[in-house]
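Below is one structure, written out as structure tokens; the observations come after it.
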Amino acid sequence: MARFNERFLDLKESYLFSEVAKRVSVFKENNPDRDVIRLGIGDVTLPLGKSVVQAMHAAADEMGKAETFRGYGPEQGYDFLRKAVAGHYKEIGADIDEDEIFVSDGAKSDTGNITDLFSADNTVLIPDPVYPVYVDTNTMNGRNIVYMDGSAENDFLPMPDRSVHADIIYLCSPNNPTGACYNKQQLEEWVDYALENGAVILFDSAYESFISDDDLPRTIYCIEGAKKCAVEFCSLSKTAGFTGTRCGYTIVPKAIKSLSPDGREMSLNKMWNRRQTTKFNGVPYVVQRAAEAVFSPEGQKESKAMTACYMENARIISETMNELGIRYTGGVNSPYIWFECPFGMDSWTFFDHMLEKAGVVGTPGAGFGKNGDRWFRLTAFNNKENTIEAMKRFRKLFE
């Protein structure tokens, strides 16, 4: 009999967002006439920008003509898109070589798949609360996970503990779920810690486009030494509405190297390239042309307009928290608002309470780790009308 990977038994039975969807589905079945507003899963609602759609149409037309048809593309991404991404990094303060850029179908896939490159006996340092994929993928591989506590006392931005050794470090800024952002000095401490420990930072930067504060880094590569120890993951899902279109990119610097037990040099960049050419056939040509358009002047204008709409929603939610005296983080430089559950409730109890009494869906903090048990996440990705109505209903919970 084939042996299955028993590490899957260590996972929670249901992925967080699947459980949320299940509970909402049951509620809708029992209350078919109730209107439900969803501020839970981070899915966007605004359509793709006009220039993006035009680029996708043009690429589709190319695919319908023999002289411009494309078959298999490069697993690393087409040169035109890698060049556009490199140009974007230059604008936000970092020089990245095009052969350090790998186009993917999104940050979620790559933050999980990157674990293929590391030995199972590495110790992984993960913040709590945290995006579940970091924990689940390493649990599947049987790695030792050490948690660092995020709390209101440290603004949900845990810092290095020099007494703890780690080989792999997950950081996310702006953070999902808490909306908190590391500043330059804090990231400098993390880079120093990684270099001291010979560790690799896996830096999830999927929400960098929401940073409006010029003093906050939009890439870890603004930090000296980061290219020797940090892999960065980014996505167009929230930046340009690609949640259903699927395109992102991962930066794997050529300077990140290690030695095998027998003394041979190993390059993480070359290993990731080998992994991708073995297990990945690349992002579709039409999608990559659409992604290229995102980095055009018109595409950037459209993306910034989308971001502004979502951040207006975040402002509306944040103002509600301020009015009610609820402690929270995020809402500025981030589309997430992470607040302390009212009425002394735990997060799943408050989830059910808000759904039943207000018809509003959020995400229980407990799904992001034990430190989230009394906290709750709302997203700014619905439309303005629904966000205003959701906050109107939210206020009524306190009447």
Qualifying residue in region 135-150 (condition: free of Cβ contacts under 8 Å to residues at least 60 places away in the same chain, closer than 21 Å to residue 229 by Cβ and assigned to a helix (DSSP H, G or I)): yes
Tell me whether region 303-324 contains one or more residues that are charged (D, E, K, R) and touching a Leu at 6+ places or on another chain (Cβ under 8 Å). no
With the requirement that a residue be buried (at least 17 other Cβ atoms within 10 Å of the Cβ) and in a loop (DSSP other than H, G, I, E, B), what does region 19-40 give you? 39, 40
Just one of (1) at pLDDT 95 or above; (2) surrounded by 15 or more Cβ atoms within 10 Å (Cβ to Cβ) trips up residue 132, so point out which. (1)
Which one of these is in contact with a Ser or Thr (Cβ under 7 Å, 6 or more places away or on another chain) and either within 29 Å of residue 283 (Cα to Cα) or not assigned by TED's automatic domain parsing to the domain that holds residue 145 (or both): 6, 19, 29, 62? 62
Restricted to region 275-289 and to residues being surrounded by fewer than 19 Cβ atoms within 10 Å (Cβ to Cβ) and among the charged types (D, E, K, R), the residue farthest from residue 72 (Cα to Cα) is 275
Can you find a residue in region 324-339 that is surrounded by fewer than 15 Cβ atoms within 10 Å (Cβ to Cβ), free of Cβ contacts under 8 Å to residues at least 40 places away in the same chain and part of a loop (DSSP other than H, G, I, E, B)? yes
One residue is enough: does region 116-124 have a residue meeting the conditions polar (S, T, N, Q), in contact with a Lys or Arg (Cβ under 7 Å, 6 or more places away or on another chain) and assigned by TED's automatic domain parsing to the domain that holds residue 186? yes
Taking region 226-274 and the residues there that are surrounded by fewer than 18 Cβ atoms within 10 Å (Cβ to Cβ) and among the basic types (Lys, Arg), the one that is nearest to residue 101 (Cα to Cα) would be 254
Six or more apart or on different chains, Cβ under 8 Å: which pairs go from a residue in region 81-92 that's more than 16 Å from residue 290 (Cβ to Cβ) to one that's among the hydrophobic types (A, V, I, L, M, F, W, C) and part of a loop (DSSP other than H, G, I, E, B)? Could you list them? 86/96; 87/295; 89/96; 90/96
Taking the residues in region 158-197 that are of a type in the set (Asp, Glu) and free of Cβ contacts under 8 Å to residues at least 40 places away in the same chain as candidates, determine which candidate is nearest to residue 311 (Cα to Cα). 188
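The values are calculated or read from the model by the stated rules, or taken from the named source; none is laboratory data. Since the structure is predicted, the reported quantities are computational estimates derived from the model, not experimental observations. When we count neighbours, we look across all protein chains shown, and the Cβ atoms used for this are built from the backbone with ideal geometry, even at glycine.
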